[in-house]
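*Asks:* Following this message is one structure expressed as structure tokens.
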There are 6 protein chains.
Amino acid sequence: MSDALQKGRDLLADMNPGLEQLLADRYDALVPGMAETLVEYGYGRHYARAGVDLKTRQLCTIAALTALGGHTAPQLKVNIKNSLAAGASQTEIIEVIWQMALYGGMPAAINGLNAAKEVFEPGDGP
Amino acid sequence: MSDALQKGRDLLADMNPGLEQLLADRYDALVPGMAETLVEYGYGRHYARAGVDLKTRQLCTIAALTALGGHTAPQLKVNIKNSLAAGASQTEIIEVIWQMALYGGMPAAINGLNAAKEVFEPGDGP
Amino acid sequence: MSDALQKGRDLLADMNPGLEQLLADRYDALVPGMAETLVEYGYGRHYARAGVDLKTRQLCTIAALTALGGHTAPQLKVNIKNSLAAGASQTEIIEVIWQMALYGGMPAAINGLNAAKEVFEPGDGP
Amino acid sequence: MSDALQKGRDLLADMNPGLEQLLADRYDALVPGMAETLVEYGYGRHYARAGVDLKTRQLCTIAALTALGGHTAPQLKVNIKNSLAAGASQTEIIEVIWQMALYGGMPAAINGLNAAKEVFEPGDGP
Amino acid sequence: MSDALQKGRDLLADMNPGLEQLLADRYDALVPGMAETLVEYGYGRHYARAGVDLKTRQLCTIAALTALGGHTAPQLKVNIKNSLAAGASQTEIIEVIWQMALYGGMPAAINGLNAAKEVFEPGDGP
Amino acid sequence: MSDALQKGRDLLADMNPGLEQLLADRYDALVPGMAETLVEYGYGRHYARAGVDLKTRQLCTIAALTALGGHTAPQLKVNIKNSLAAGASQTEIIEVIWQMALYGGMPAAINGLNAAKEVFEPGDGP
């Protein structure tokens with residue numbers, strides 16, 4: 001196992017322990033090695049890097065996914081959960097999403113708020 | 001003066017004191033009220049909000065502008081300077097930019113690194 | 001109340017009188033002041049400006065939301081209704097959406113047409 | 001009939017014979033001439049050009065729609081079917097989608113894989 | 001010559017008479033037929049359609065290109081000139097660009113204003 | 001060294017032998033490990049995969065970068081060179097770029113053609 005894969009798995013053990021298996025079940029038959037690649041690269045080579053704490057990394061991901069637009073809503077929801085697991089509060093997450101009205105436009109921010117509502121208040125969507 | 005405009009000006013007094021005048025000189029003849037609107041809305045209604053500290057807000061902006069792509073390089077540079085003024089280190093800024101390879105793709109991350117290099121090492125561009 | 005907020009409310013009184021309350025009900029618990037900010041900034045600071053008539057502003061919004069892609073469909077539908085309220089015909093709205101095939105690509109234009117169909121012919125979606 | 005329209009129809013006769021009629025039924029009442037324009041321009045002026053074989057053109061379309069993001073999923077599904085009709089294998093389609101993680105980011109690639117799963121394994125969505 | 005090509009040429013005769021030749025000189029050796037295709041499709045099949053006047057179509061294009069971001073600046077400048085030729089005032093153009101802060105974000109609007117300044121005040125760029 | 005890194009280096013030895021060193025010189029002081037990560041992930045984990053030949057992968061990258069817009073021009077130029085090295089002809093590259101008018105819009109396609117011209121005809125830019 002590469003060092004980066006190990007680091008990615010160590011990180012996910014705390015933050016989202018079922019993610020690699022879920023990805024493997026869903027995608028590895030189609031894309032052999034997809035789950036391992038995502039864990040190694042995304043978590044081992046990015047989130048596990050030093051220099052910025054995990055909570056800030058997660059909030060930056062929230063910001064980027066919101067600014068990129070509503071079609072990233074599924075990934076935004078996963079990362080909202082990961083942000084909570086990394087110690088971010090609901091308020092911090094919401095504030096970062098709303099700030100994105102400045103950079104991704106109002107529709108992007110509103111779609112981001114809707115994604116957050118679906119995570120925070122399941123069954124009470126817009 | 002609206003409350004939000006006052007809050008925006010108070011915030012910029014520390015972070016980027018010349019910004020409103022620079023915007024007014026450049027744009028207000030074309031777009032009457034542009035500088036005031038940007039300070040009121042952007043800084044008074046967003047950056048001055050409670051709930052997330054200013055440094056984290058700035059790093060989230062860095063993330064979003066990087067993910068949106070290289071055509072936002074001028075605004076990314078302004079916000080890299082604002083992030084330094086808000087207490088972020090060069091390392092934190094660079095780490096957030098590089099992480100965006102995951103969400104905006106490699107070209108977006110590389111264009112973001114190039115913008116940061118131009119701020120950190122003027123005259124030593126790619 | 002700021003001048004811009006008053007102007008935004010005056011404009012919405014004709015065009016979409018329930019919008020501020022709807023936004024407040026949906027978002028203000030999560031993002032205090034969201035509805036007021038959107039009315040003040042979006043309608044008071046942008047749509048209420050002189051220089052371009054409201055119908056043209058609305059058609060330009062239709063164009064932009066279509067070009068930005070299908071993930072802005074919810075906001076596109078709101079703005080199609082606002083465009084009708086501002087005096088635009090169904091034909092004008094459709095023509096502007098279709099023209100966006102040139103700038104946002106065919107998929108963006110087709111997704112825009114689908115959003116318009118859902119507004120004009122509810123219950124008869126694609 | 002223009003030459004380009006004829007070429008477009010000839011191409012679709014093999015690849016997707018019902019497409020022009022489906023577009024006409026769905027859109028021509030709203031946008032007179034839409035179906036003809038799309039066939040003439042899209043298929044006659046682009047896909048029917050010499051210089052690159054049709055299968056490669058289709059895989060390039062898969063790549064672009066994936067990179068542009070999840071809001072083009074309906075068009076991605078149509079083009080996945082067209083790619084199969086042009087001789088591409090499921091593996092080729094999946095590989096091209098996954099490669100887009102590099103250029104459009106992980107969320108775009110994952111949304112593309114989900115669209116492909118819905119085409120390849122109908123009723124077994126994510 | 002197809003009807004659409006004739007319509008496109010008639011329209012450009014007033015608005016931008018040198019465009020087809022300029023495109024042919026620049027691109028036709030690389031992409032045979034590019035200039036004719038762009039005139040036929042863009043101007044004959046879109047701008048020459050009935051239902052919306054040309055000035056409004058041009059302002060909608062300004063809106064879309066601004067919202068899509070600063071990398072469309074070359075095309076935005078061409079369309080700002082076309083908009084003036086179609087009877088739009090500098091004020092109308094500027095107002096539409098600035099409104100896009102709402103939909104494409106502040107950086108997109110500011111990059112659009114910069115493109116307009118370069119058209120209106122050549123030699124006096126930002 | 002991980003398997004993926006080895007595979008990436010093997011691939012680049014043919015296609016673009018100086019790339020890892022160029023990236024290391026330019027970025028590794030800022031982002032420790034950047035060059036290795038890009039080679040391992042981009043080339044080892046994506047381009048070196050089986051299932052699609054390298055030339056087709058490169059043409060798909062050309063398509064995606066064109067559709068994403070003119071701000072990816074630097075990366076588009078690198079990949080145009082890589083595509084030539086992988087056996088693609090100038091015609092194939094140009095055809096794929098022009099086809100993107102359908103999906104990324106005319107401005108994106110034209111910006112892509114300009115990038116290709118700068119590679120094919122250096123010193124003879126638009």
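Values quoted throughout were computed directly from the atomic coordinates according to the rules given, and no laboratory measurement underlies them. Quantities reported herein were computed from a predicted structural model and do not represent experimental measurements. All Cβ positions, glycine included, derive from the backbone under ideal geometry; neighbour counts span all protein chains shown.
*Asks:* For F:L22, place a label point 7 Å from Cα along the Cα-to-Cβ direction in every copy; what are the distances to the other copies, in nm, shortest first?
*Replies:* 3.2, 3.2, 4.0, 4.3, 5.2
*Asks:* In nm, one decimal, shortest first: how far is the label point of E:G33 (7 Å from Cα along Cα to beta carbon) from the matching points in the other copies?
*Replies:* 1.9, 4.1, 5.1, 5.1, 5.8
*Asks:* Might you report the magnitude of the Cβ-based charge dipole of the protein assembly as shown about its Cα centre, with Lys and Arg at +1 and Asp and Glu at -1, to the nearest 20 debye?
*Replies:* Value, rounded to 20: 0 debye.
*Asks:* Continuing with this model, one more query. Relative to the longest principal axis of the C-alpha atoms of chain F, give the angle of the C-alpha long axis of helix F:90-99, reported between 0 and 90° and rounded to the nearest 10°.
*Replies:* The helix F:90-99 is inclined about 70 degrees to chain F.
*Asks:* Working from Cα positions, state the angle (0 to 90°, nearest 10) between the long axis of helix E:73-85 and the longest principal axis of chain E.
*Replies:* With both axes taken from Cα atoms, the answer is about 80 degrees.
*Asks:* Comparing B:L113, B:L102, B:L19, which has the greatest mean-square fluctuation in the GNM of chain B with Cα pairs linked when under 10 Å apart?
*Replies:* Result: B:L102 has the largest fluctuation of those listed.
*Asks:* Right, next: Rounded to whole Hz and in sequence order, give me ³J(HN,Hα) for segment A:36-50 from the Karplus expression 6.51 cos²θ - 1.76 cosθ + 1.60, θ = phi - 60°, writing x for Gly and Pro.
*Replies:* Rounded to whole hertz, the list is 4, 4, 5, 5, 4, 6, x, 8, x, 8, 10, 4, 7, 5, 6.
*Asks:* Residues of D:23-33, mean number of Cβ from any other protein chain within 10 Å of their own Cβ, rounded to a whole number?
*Replies:* 4
*Asks:* Using only Cα atoms, find the angle between the long axis of helix E:3-15 and the longest principal axis of chain E, and express it within 0 to 90 degrees, rounded to the nearest 10.
*Replies:* Roughly 50 degrees, rounded to the nearest 10.
*Asks:* Put a point 7 Å out from Cα along the line to Cβ at F:D10; what are the distances to that point in the other copies, in nm, shortest first?
*Replies:* The answer, with the shortest distance listed first, is 2.9, 4.5, 6.4, 6.4, 7.3 nm.
*Asks:* Right, something else. Could you work out [θ]222 nm for chain B from helices alone, using -39500 (n - 2.57) per DSSP H run of at least four and dividing by all its residues? Round to the nearest 500 deg cm²/dmol.
*Replies:* After summing the helix terms and dividing by residue count, I get -20000 deg cm²/dmol.
*Asks:* Just checking the output field for B:51-61: average partner chain Cβ neighbours within 10 Å of each residue's Cβ? Don't skip to the answer; put the middle values down first.
*Replies:* Values: counts 12, 11, 1, 0, 1, 9, 5, 0, 7, 16, 8.
Average per residue, whole number: 6.
*Asks:* When only C-alpha pairs under 8 Å and at least 6 residues apart count, what is the relative contact order of chain D, in percent? Don't skip to the answer; put the middle values down first.
*Replies:* Numbers: 153 pairs, mean separation 27.6, N = 126.
Relative CO of chain D lands at 22 percent.
*Asks:* Continuing with this model, one more query. Give me A:S89, E:S2, C:S83 sorted ascending by neighbouring Cβ count inside 10 Å, so fewest comes first.
*Replies:* Neighbour counts put them in this order, fewest first: A:S89, E:S2, C:S83.
*Asks:* Of C:P107, C:P32, C:P17, which is the most mobile in a GNM of chain C whose springs link Cα atoms less than 10 angstrom apart?
*Replies:* C:P32
*Asks:* With the contact rule set at Cα under 8 Å and sequence spacing of 6 or more, what percent relative contact order holds for segment F:52-126? Can you show the working numbers first?
*Replies:* Working: 96 pairs, mean separation 25.8, N = 75.
This gives 34 percent for segment F:52-126.
*Asks:* Which residue, F:Q21, F:Q90, F:Q99, has the most motion in a Gaussian network model of chain F that connects Cα atoms within less than 10 Å?
*Replies:* Sorting by GNM fluctuation, first place goes to F:Q21.
*Asks:* Relative contact order for segment A:1-49: what is it in percent, counting Cα pairs under 8 Å that are at least 6 residues apart?
*Replies:* 57
*Asks:* Now, a different point. How shielded is E:71-83 by partner chains, expressed as the average number of their Cβ atoms within 10 Å of its Cβ atoms?
*Replies:* 4
*Asks:* Could I ask something else about it? Which FRET efficiency value, to the nearest 0.05, do you get for B:E121 and B:D53 by plugging their Cβ-Cβ distance into 1/(1 + (r/R0)^6) with R0 = 22 Å?
*Replies:* Calculated transfer efficiency: 0.20.
*Asks:* Another question, then. For the rotation bringing E onto A, which E residue has its Cβ nearest the axis, and at how many Å?
*Replies:* Spelled out as residue then distance in Å, it is E:G105, 2.
*Asks:* For each of B:I94, E:I62, count neighbouring Cβ atoms within 10 Å of the residue's Cβ, then give the residues from fewest to most.
*Replies:* Values: B:I94 25, E:I62 29.
Arranged by neighbour count, lowest to highest, B:I94, E:I62 become B:I94, E:I62.
*Asks:* Further question on the same structure: Among E:K77, F:K7, which comes first, second and so on when ranked by fewest other beta-carbon atoms within 10 Å?
*Replies:* Going from sparsest to densest Cβ surroundings: E:K77, F:K7.
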